[in-house]
1. So is T35 in a helix (DSSP H, G or I), among the polar types (S, T, N, Q) and modelled with pLDDT under 90 or not?
2. Quick one: what pairs do we get from region 15-41, first residue at negative phi, second of a type outside the set (K, R) and surrounded by 11 or more Cβ atoms within 10 Å (Cβ to Cβ), C-beta under 7 Å, 6+ apart or different chains?
3. A79: among the small types (G, A, S), surrounded by 10 or more Cβ atoms within 10 Å (Cβ to Cβ) and not in a loop (DSSP other than H, G, I, E, B), yes or no?
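The values are calculated or read from the model by the stated rules, or taken from the named source; none is laboratory data. None of these values were measured; they are calculated from a predicted model. Counting neighbours? That spans all protein chains shown, and the Cβs are built from the backbone with ideal geometry, glycine included.
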Amino acid sequence: MSPTETSRTAGGGRSRFADALTPGRIGMAALAVVTLVFIFQNTREVKIRLLIPEVSMPLYLALLATALIGAACGYYVAARRRK
């Protein structure tokens with residue numbers, strides 16, 4: 001075997017890592033980082049009211065909970081669309 005043949009993978013010359021880094025995934029990772037920075041920069045106390053009595057909590061917890069609920073809803077919709 002020549003040195004060029006040994007460096008190639010079975011997938012046609014591209015590694016699995018290179019296939020995993022698509023522009024969409026890189027964009028989503030960058031958006032996730034910016035979202036987390038935004039969430040953890042907002043640490044002051046806020047009053048929140050949603051169908052229950054008013055609750056006082058750090059803003060970053062409210063933002064994080066909202067982001068997680070949104071991600072779960074997006075995952076659910078995408079999973080239903082695949083069926």
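1. On the way: in a helix (DSSP H, G or I): yes; among the polar types (S, T, N, Q): yes; modelled with pLDDT under 90: yes.
It is true that T35 is in a helix (DSSP H, G or I), among the polar types (S, T, N, Q) and modelled with pLDDT under 90.
2. Hits for this filter: S15/T9; T35/A67; I39/Y60; I39/L63; I39/L64; I39/A67; F40/Y60.
3. Working: among the small types (G, A, S): yes; surrounded by 10 or more Cβ atoms within 10 Å (Cβ to Cβ): no; not in a loop (DSSP other than H, G, I, E, B): yes.
Here the answer is no, as A79 does not meet what is asked.
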